[in-house]
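Colleague: Please read through the structure below; I'll follow up with questions.
Read the figures in this text as sums done on the coordinates, not as results from a lab. All values reported here derive from a predicted model rather than from experimental measurement. Here the Cβ positions follow ideal geometry from the backbone for every residue, glycine too, while neighbour counts run over all protein chains shown.
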Amino acid sequence: MNVAPPNTLGELFLGFLSIGARSFGGVMPWAHRVMVEERRWITEADFAETIGLCQFLPGPNIGNASIVFGKRWFGPMGSLVAFLGLFALPFVWVLALFALYADFAATNPALRAVVTGVGAAGAGLFIGTAVKLGRVLARRPAAIALIAACFLAAGIGRISLFVVLPIAFAAALIAAWRDWL
Amino acid sequence: MTLLELSLYFMLLSLISVGGMPSVLPELQRYAVDVKGWMTAEDFIQVFAVGQAAPGPNVLIASLVGWKVAGLGGALVALASMCGPAAVLAYWVAEAWERFKDTRWRKAIQRAIAPVVVALILSGGFILATPGAPDWRLWAIAAATAAGMLATKVNPLWFLAAGGAIGGFLLG
């Protein structure tokens, strides 16, 4: 399959705008559809590799991907344009939805109950994601111990991540270096 | 002053947000609710719910927290600060990181990050589903959603909608 990068900054902007505009229920599937299938900017393998890379950097994965692809094609301007295209519409929509919520639901007990239910389901999506990612790791006792300790500290103990993360990461690094993970 | 504080906090959060926004939700909740008292834990789950239901990257939850604290300026500052440092890092580091793909230390870092991220996402889910005293209704919705997500491939929005319907029925 022939792939070709966007020709202009305008094209890049519109591509990322259409990713953000349609990203109901998660951005990644739409990023794939727009960049690999519709506009054919990159190959499947390239997409997977870049997203994998972005997962190991801090920050939103898809936000990082917009920076990396933008830079590859148009340098710093490309990064900025791709990033702004991605966030422009979702930013407006989330604030609009929140304004609606604040006007109608925030003080209405019945609607608050619905919103809390949505939040609990969102929490469930996180838990499901953790289980999905964790299943692959669970063969190693050291990984299970790390996950348990980190959950006890951050989830139950409510200790700040600025404390938990450096310690957990140092321990994980030692374990990984010794091939326990 | 509030804007400056928001900005500094989210910039720090940005730098430790390995795994994205879900990883740092426990920390954001702790700071916004326990430390600063910007909102209650019940409000936090509502803000999170709105952020999940709207389209877009879930880092937009940062802008909702900013909005709640300082209006539109707060929303812009929070989002820019949450994305900025990570974006600069991605800009400079991504290609170098790719070059070291086959080195032992890079593989060690990748393997080390995975379990930590899993634990943080799990913590985020647990904290969100437990805003006050443990409530079996919230846990049931969360557990059913997690199970449904693992068993099927339907768009997650359906689970959010179902959660809302069940929440309205059980919690209302």
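Colleague: Can you give the helix-only mean residue ellipticity at 222 nm for chain A, where every DSSP H stretch with n ≥ 4 adds -39500 (n - 2.57) and the sum goes over all residues, rounded to the nearest 500 deg cm²/dmol?
Modeller: On the way: 7 runs with 128 residues, N = 181.
Taking each H run of at least 4 residues, the total per residue is -24000 deg cm²/dmol.
Colleague: Can you tell me the dipole magnitude for the stretch A:9-105 around its Cα centre, using point charges on the Cβ only (Lys, Arg +1; Asp, Glu -1), in Debye to the nearest 20? The partial results should precede the final answer.
Modeller: Details: 6 positive and 7 negative charges, 25 e Å.
The dipole magnitude comes to about 120 debye.
Colleague: Looking only at trypsin sites (Lys or Arg not before Pro) in DSSP loops with at most 12 other Cβ atoms within 10 Å, what is the longest site-free stretch of chain A? Write down the numbers at each step before the final one.
Modeller: Numbers: sites that count: A:139, A:178.
Longest stretch, sites excluded: A:1-138.
Colleague: Given the -39500 (n - 2.57) contribution per DSSP H run of 4+ residues, what per-residue ellipticity at 222 nm results for chain B, rounded to the nearest 500 deg cm²/dmol? Could you put the intermediate results ahead of the total?
Modeller: Numbers: 7 runs with 135 residues, N = 172.
Theoretical 222 nm ellipticity from helices: -27000 deg cm²/dmol.
Colleague: Quick one: Cα centre-to-centre distance for the stretch A:67-139 and the stretch B:137-172, in angstrom?
Modeller: Taking the Cα centre of the stretch B:137-172 as reference, the centre of the stretch A:67-139 is 17 Å away.
Colleague: Rounded to the nearest 20 debye, what is the charge dipole size of chain B about its Cα centre when +1 sits on each Lys and Arg Cβ and -1 on each Asp and Glu Cβ? All intermediate terms of the calculation are to be shown ahead of the outcome.
Modeller: Values: 11 positive and 9 negative charges, 112 e Å.
Computed about the Cα centre, the dipole is about 540 debye.
Colleague: Which angle from 0 to 90°, rounded to the nearest 10, does the C-alpha axis of helix B:2-16 make with the longest principal axis of chain B?
Modeller: Once rounded, the angle reads 70 degrees.
Colleague: Here is a follow-up. Ignoring the sites themselves, what is the longest stretch of chain B with no trypsin sites (Lys or Arg not before Pro) in a DSSP loop and at most 12 other beta-carbon atoms within 10 Å? All intermediate terms of the calculation are to be shown ahead of the outcome.
Modeller: Working: sites that count: B:101, B:153.
Answer from the scan: B:1-100.
Colleague: When Lys and Arg each count +1 and Asp and Glu each count -1, what net charge do the other residues less than 13 Å away from residue A:16, Cβ to Cβ, add up to? Display every interim value, and only then the final one.
Modeller: On the way: positive: A:22, A:33, A:39; negative: A:11, A:38.
Summing Lys/Arg as +1 and Asp/Glu as -1 gives +1.
Colleague: Rounding to the nearest 20 debye, state how big the charge dipole of the protein assembly as shown is about its Cα centre with +1 on each Lys and Arg Cβ and -1 on each Asp and Glu Cβ. Could the numbers behind the result be given before it?
Modeller: On the way: 24 positive and 17 negative charges, 156 e Å.
With Lys and Arg at +1 and Asp and Glu at -1, about 760 debye.
Colleague: Roughly how many Å is it from the Cα centre of the stretch B:13-77 to that of the stretch A:27-46, as a whole number?
Modeller: That distance is 28 Å.
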